[in-house]
There are 2 protein chains.
Amino acid sequence: MTQEDGAAARPRRVTVVTLSKLAGVAPSTITRALKGDPRISPKTREKISALAKEYGYTPNALARTLSSGRSGLYGIVLGPESNPLYSHILHAAMDEAESIGCRLLMLHIGMEQMDEKTAEALLQYQVDGCLITSAAIGSRAADICRENNVPLVMVNRVAERHGSFVSCDNRAGAGLLAKHLLQTGRRKFAVIRPPQTSSTARDRENGFTEVLADAGIAGVMRLNYASGWDEGYAAGGVLAGMLEGEQPDAVFALSDILAMGVIDGLRAAGIRVPQDIAVVGFDGLPESQRPTYQLTTVEQPIRMMINRAFKLLEARTKDYFLPDEQVSLGGRLLIGKSSQLT
Amino acid sequence: MTQEDGAAARPRRVTVVTLSKLAGVAPSTITRALKGDPRISPKTREKISALAKEYGYTPNALARTLSSGRSGLYGIVLGPESNPLYSHILHAAMDEAESIGCRLLMLHIGMEQMDEKTAEALLQYQVDGCLITSAAIGSRAADICRENNVPLVMVNRVAERHGSFVSCDNRAGAGLLAKHLLQTGRRKFAVIRPPQTSSTARDRENGFTEVLADAGIAGVMRLNYASGWDEGYAAGGVLAGMLEGEQPDAVFALSDILAMGVIDGLRAAGIRVPQDIAVVGFDGLPESQRPTYQLTTVEQPIRMMINRAFKLLEARTKDYFLPDEQVSLGGRLLIGKSSQLT
DNA sequence: TTGAAAGCGCTACCAT
DNA sequence: ATGGTAGCGCTTTCAA
């Protein structure tokens, strides 16, 4: 197919060759000048960058990838859209990507595992690495990545078998919540948790109950509910319907979005929060801090987590065989009116 | 750099050439066989696809793009993460992309305009087109796309000057809301709107007030508030503080997330919704249908909008010079308890 | 029905 | 300090 077909003969995009002819130098000189190679004379460099600007040259990232092996593209996999946490993670990732000059390929959203086909997209588009937040990765998909040296970093969930990850210190954070509830006089506890135990959920639950156990409290009620607002609301209704003697006076919902549902569910059934029951969550979503909730929770340092995750990824892009690295960052206890009134 | 450096000599990825040697045919035959070219004999085709499977061949999308011109990549630009609408749009777009076999490059999130640098990424990664939802595109960025024949389709906002777009019929939808409020006996109206008037906001506002005007109601109160929950909450407080005679008995918040804030703000100030004031929104977010809100609103047919948007994009990928096309889809009125009790 | 070869745009290497 | 050239992996003519 030549230039002459079609109604309008549109100008072909300007490439390094175009510029090289314009400047009367070799293509390689163009490349070097534009990427700031110190061996190029200031004069030549200036002439070339002037030309590049004038002709609106934009490098073709694909061609570059083909010859250099690096695409500047990172894959990202997000958890379900029903949890605002992932919107915030995505936003943080976008900002971080921009600051380090790379782009994000959206691969998957949802609770289900990332499938084989998605993993193949990682290869097809030659991503330099992939950020996995929450959604589990299928073993087949993980194999594909390993076989092809695509670095993977998990955020907000630990790698099941091996791999690098960045997480909030879920155990310690949950411990802070337990201590706070004990200090404010609560004695009868319930944990609302997702039925399938992710590492994150497990750590939060254990961190919570261990502190209680240390304080001599053993019997913690456990209720299984999927992790959305709707399920939390339903759980709130169930808690509200309990007999006087059975009803807990403090509830730890393993995520904020769940906790928000619990609060609404309790209130809809006439239970006062925090007077009758205190509710605490985990994540530190901005939504959970609205006046209607003022949720006591542990704030995950999302931006820092994302920053670290990209650092791990970048390092493994340069050297795939670096050993796995695990980063745990402390969360900050936010005390709101969902657990005490003053 | 040869294969021999590094600790482990990892196998080079299998390519068409690898397969061609294995099968004893030319590389072009591999390409043809794998893409189902009818000229290849069934026997050869089968042998080749068996080999491809056996050796785990994955085509390199970048190399393909370089020679064919099509990347199978679409850019996407989203509005601010504080509005769940965009999470739902993103999810719908992911599903649609999967069903047509392409991938999404996340370009920008937020209210600010998509900048020049982002537009350049469209060229660098040779995207086949770009979906713009809500965030305005800078004129410079639009120029870049036009000059380089990158098709653009807007969703949920009309193109300012020219360009294709898909939107919900905002005027008609808002009209439905007005009619409903009139039918349920409301007579004193307020519109809560964002200070900067987007086309979407304008259409909704006009569609609403025109129906009111037809019913002989002229004096509609207008309050300017940015479009998040927080601002809605503040607006609710302001409405609650109004004098008996001035207070409207029905409020149209131009988006659901804003309406949710308004409801919470009113209730926090002791105003009953819907008894004292009816509140309606626009979007049809799942969040707005929670028992705590049960918002009366107009549901945008998001999945269908996204489907149409991709169709427009695909068509313009094949022929950039197709005329602009505008699609408007009707929204569905959802009547909830935020506007009437029964 | 298949092969050969050119070329997409860029970079890296080896010369000079 | 700069030029020349091969090659990344795939597709697409043109030939056979």
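The values are calculated or read from the model by the stated rules, or taken from the named source; none is laboratory data. What you see is a predicted model; the values in this text were computed from it and never measured. Cβ coordinates were reconstructed from backbone atoms using ideal geometry, including for glycine residues, and neighbour counts include every protein chain displayed. The area values use the complete protein model at the heavy-atom level, side chains included, leaving out ligands, DNA and RNA. Shrake-Rupley method; radii C 1.70, N 1.55, O 1.52, S 1.80 Å.
Could you tell me which residue of the range B:125-138 is nearest to B:Cys168 (Cα to Cα), considering only residues that are open to solvent by 10 Å² or more (accessible area, probe 1.4 Å) and more than 13 Å from chain A (Cβ to nearest Cβ)?
Once the filter is applied, the top-ranked residue is B:Ser134.
Residues to consider are A:Leu51, A:Leu62, A:Leu19; find the one that is away from DNA strand D (no atom under 12 Å from the Cβ), open to solvent by less than 30 Å² (accessible area, probe 1.4 Å) and not in a strand (DSSP E or B).
Among A:Leu51, A:Leu62, A:Leu19, only A:Leu51 is away from DNA strand D (no atom under 12 Å from the Cβ), open to solvent by less than 30 Å² (accessible area, probe 1.4 Å) and not in a strand (DSSP E or B).
Quick check on my filter: what residues within the range B:231-241 are touching a residue at least 40 places away in the same chain (Cβ under 8 Å) and over 31 Å from the mean Cα position of the chain (by Cα)?
Passing the criteria: only B:Leu239.
Given (1) within 8 Å of chain B (Cβ to nearest Cβ); (2) over 29 Å from A:Ser288 (Cβ atoms), where does A:Arg45 come up short, assuming only one miss?
Checking A:Arg45 against (1) within 8 Å of chain B (Cβ to nearest Cβ); (2) over 29 Å from A:Ser288 (Cβ atoms), the one that fails is (1).
Do any residues in the range B:36-50 that are acidic (Asp, Glu) have Cβ atoms under 9 Å from those of residues that are open to solvent by 40 Å² or more (accessible area, probe 1.4 Å), where the two are at least six apart or on different chains, and which pairs are they?
B:Asp37/B:Thr31; B:Asp37/B:Arg45
For the range A:91-124, enumerate the residues that are in a strand (DSSP E or B) and more than 10 Å from chain B (Cβ to nearest Cβ).
A:Met114
Report yes if A:Gly330 is open to solvent by 10 Å² or more (accessible area, probe 1.4 Å) and over 30 Å from B:Gly232 (Cβ atoms), otherwise no.
The answer is yes for A:Gly330.
Please name all residue pairs, on different chains or six or more residues apart, with Cβ atoms under 6 Å, provided the first residue is in the range A:73-90 and is facing chain B (nearest Cβ under 9 Å) and the second residue is of a type in the set (Lys, Arg).
From the range A:73-90, the pairs are A:Leu73/A:Arg103.
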